[in-house]
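Undergrad: One structure, as structure tokens, below. Some questions next.
The values are calculated or read from the model by the stated rules, or taken from the named source; none is laboratory data. The structure displayed is predicted, hence computed values, not measured ones. Every residue, glycine as well, gets a Cβ built from its backbone with ideal geometry; the counts of neighbours run over all protein chains shown.
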Amino acid sequence: MNTAGNVENHKIAFFSTQPYDKVFFNKYNTDFKFNLDFYETQLNPQTVVLIENASIVCVFVNDIVNEQVIKQLADKNIKIIALRCAGFNNVDLEAAKKYGIKVCRVPAYSPQAVAEHAMAMILTLNRKTHKAYNRVREQNFSLNGLLGFDLFGKTVGIIGTGNIGKAFAKIALGFGCKVLAYDIVQNEEMRHDGVSFVGLEEIFKSSDIISLHCPLNDQTKHVINKTSISFMKDNVMIINTSRGGLIETSSVIEGLKEGKIAYLGIDVYEQEEKLFFRDLSADIIQDDNIQRLMSFPNVLVTAHQAFFTNEALTQIALVTFNNIKSLLIENDIENKAALLV
Ligand code: NAD
């Protein structure tokens, strides 16, 4: 790798780019002077061929970075896969290691952005401000159907108390909620703040609201399933701003139809890859599960926008460029959480 301390003109091929990616990455590139190639398309086995003379690819949540793609990247002399997100479930890290490609990510660009969006979903579902907004615009000032509940005193169960789960716990405590948490690693500071660490089953049994903040992996896949839903309180609210695969969609649809789940807020969806980040308003959507979910009056879907704040996009651009620079110059990154391979 380049050890000259100069990263100018190294070419980065960006995949799945949106207009706002170009704005933020171009803005913060003035200090780095990388050569940036932006592709709107997803990275997948068919699109690797687009890469021309780049040594780095920059990918997002729904790019496909499996062994087949990684082998093709290695053939194209790609040295670094830079994720411009925190989650990395879409990258085959073993394959990257095998082909000698470094993988980095942005571990914590704005935990508050995601935590605040989770709370926004709770407040919207509960107080139905989205319905009130439309209703008064049609001069309908009736309150019928808008009844909510006090958040104060309710039990909120958090699964995963890393950067985002911790930020979300503080918000929930601020609302006067009782906060239960489950994580494979317990956090002393949170316990001190008033959070009770309990087993997963206790989260399901005791929570009025369950919010998911753990990564998607073999242990957490479909953590919300038919059995876990059967343990839950009647009228439970489930919020997922983490990864779609944490929820078994068919079971949640059943839970909603039976009335067991009274509110569902999802910013992520297991099959979002074919839907999110695009305007499909003129298309016939073939995914019957998302159509069914969107037909419930007590389901709120946002299209993976929890991270989408000015502060987060600034951090994403700066940390991504600094990760790449460190790897090019030092072959290492000081923040160990940012370096995956
Ligand atoms: P983090 O690494 O700081 O925290 C993850 C926590 O989950 C850790 O405390 C870890 O111990 C815990 N965990 C791991 N395995 C677990 C298990 N089996 N059961 C329970 N807990 C477990 O990550 P973070 O920054 O807090 O992000 C959490 C997730 O949020 C990411 O993995 C990502 O998928 C998602 N995310 C979504 C958005 C969005 O825009 N919707 C944005 C950023 C991150």
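Undergrad: Within segment 321-334, can you find the residues that are in a loop (DSSP other than H, G, I, E, B) and loosely packed, with under 15 Cβ neighbours inside 10 Å?
TA: If the condition is that a residue be in a loop (DSSP other than H, G, I, E, B) and loosely packed, with under 15 Cβ neighbours inside 10 Å, then ASN331, ASP332, GLU334 are the ones that fit.
Undergrad: Do you know which of the residues in segment 6-16 that are among the polar types (S, T, N, Q) and without any contact (Cβ under 8 Å) to a residue 40 or more places away in the chain is nearest to SER55 (Cα to Cα)?
TA: ASN9
Undergrad: Does ALA74 fit the bill of being in a loop (DSSP other than H, G, I, E, B), surrounded by 14 or more Cβ atoms within 10 Å (Cβ to Cβ) and not assigned by TED's automatic domain parsing to the domain that holds ALA172?
TA: So ALA74 fails the test.
Undergrad: Further, regarding this structure: (1) within 26 Å of THR220 (Cβ to Cβ); (2) assigned to a helix (DSSP H, G or I); (3) touching a residue at least 24 places away in the same chain (Cβ under 8 Å); (4) not β-branched (Val, Ile, Thr): which one isn't true of LEU318, the others all being true?
TA: Condition (1) is where LEU318 drops out.
Undergrad: Oh, and also: Taking THR161 and the conditions (1) within 8 Å of the ligand (Cβ to nearest atom); (2) more than 22 Å from HIS117 (Cα to Cα); (3) free of Cβ contacts under 8 Å to residues at least 60 places away in the same chain, which numbered condition does it fall short on, given that it satisfies the others?
TA: Only one criterion is unmet by THR161, namely (2).
Undergrad: So, one more: Give the residue, chosen from GLY245, GLY265, that is touching a residue at least 12 places away in the same chain (Cβ under 8 Å) and either in a helix (DSSP H, G or I) or at positive phi (or both).
TA: GLY245
Undergrad: While we're on this one: Do we have any residue at all in segment 88-96 that's in contact (Cβ under 8 Å) with a residue 40 or more places away in the chain, assigned to a helix (DSSP H, G or I), among the small types (Gly, Ala, Ser) and crowded, with 17+ Cβ neighbours inside 10 Å?
TA: yes
Undergrad: Inside segment 206-230, can you point out the residues that are away from the ligand (no atom under 14 Å from the Cβ) and loosely packed, with under 15 Cβ neighbours inside 10 Å?
TA: Of everything in segment 206-230, those that are away from the ligand (no atom under 14 Å from the Cβ) and loosely packed, with under 15 Cβ neighbours inside 10 Å turn out to be LYS226, THR227, SER230.
Undergrad: Out of segment 231-242, which residues are within 16 Å of the ligand (Cβ to nearest atom) and either touching a residue at least 40 places away in the same chain (Cβ under 8 Å) or assigned by TED's automatic domain parsing to the domain that holds CYS85 (or both)?
TA: ILE239, THR241, SER242
Undergrad: Please work out which one of (1) part of a helix (DSSP H, G or I); (2) out of contact with any Lys or Arg (no Cβ under 7 Å at 6 or more places or on another chain); (3) at pLDDT 95 or above is the condition GLU273 fails and give its number.
TA: Condition not satisfied by GLU273: (3).
Undergrad: Here's a follow-up. If I go through segment 41-67 residue by residue, how many of them are of a type in the set (Asp, Glu) and farther than 21 Å from GLY87 by Cβ?
TA: Count: 1.
Undergrad: Then there's this: Being farther than 14 Å from SER326 by Cα, more than 22 Å from the chain's Cα centre (by Cα), modelled with pLDDT under 95 and polar (S, T, N, Q) narrows it down to one residue among ASN35, ASN9; which is it?
TA: Exactly one residue qualifies, and that residue is ASN9.
Undergrad: Just name the residue that is surrounded by the most Cβ atoms within 10 Å (Cβ to Cβ) out of those in segment 267-308 that are within 19 Å of the chain's Cα centre (by Cα) and small (Gly, Ala, Ser).
TA: Filtering first and then ranking leaves ALA306.
Undergrad: Further, regarding this structure: Check whether at least one residue in segment 54-71 is more than 16 Å from the ligand (Cβ to nearest atom), at positive phi and not assigned by TED's automatic domain parsing to the domain that holds ASP218, and report yes or no.
TA: no
Undergrad: Let me ask something else about it. Listed residues GLY199, GLY176, GLY148; which is exposed (fewer than 14 other Cβ atoms within 10 Å of the Cβ) and in contact with a Gly (Cβ under 8 Å, 6 or more places away or on another chain)?
TA: GLY176
Undergrad: Could you tell me whether any residue of segment 118-135 is within 16 Å of the ligand (Cβ to nearest atom), buried (at least 21 other Cβ atoms within 10 Å of the Cβ) and part of a strand (DSSP E or B)?
TA: No: segment 118-135 contains no residue that is within 16 Å of the ligand (Cβ to nearest atom), buried (at least 21 other Cβ atoms within 10 Å of the Cβ) and part of a strand (DSSP E or B).
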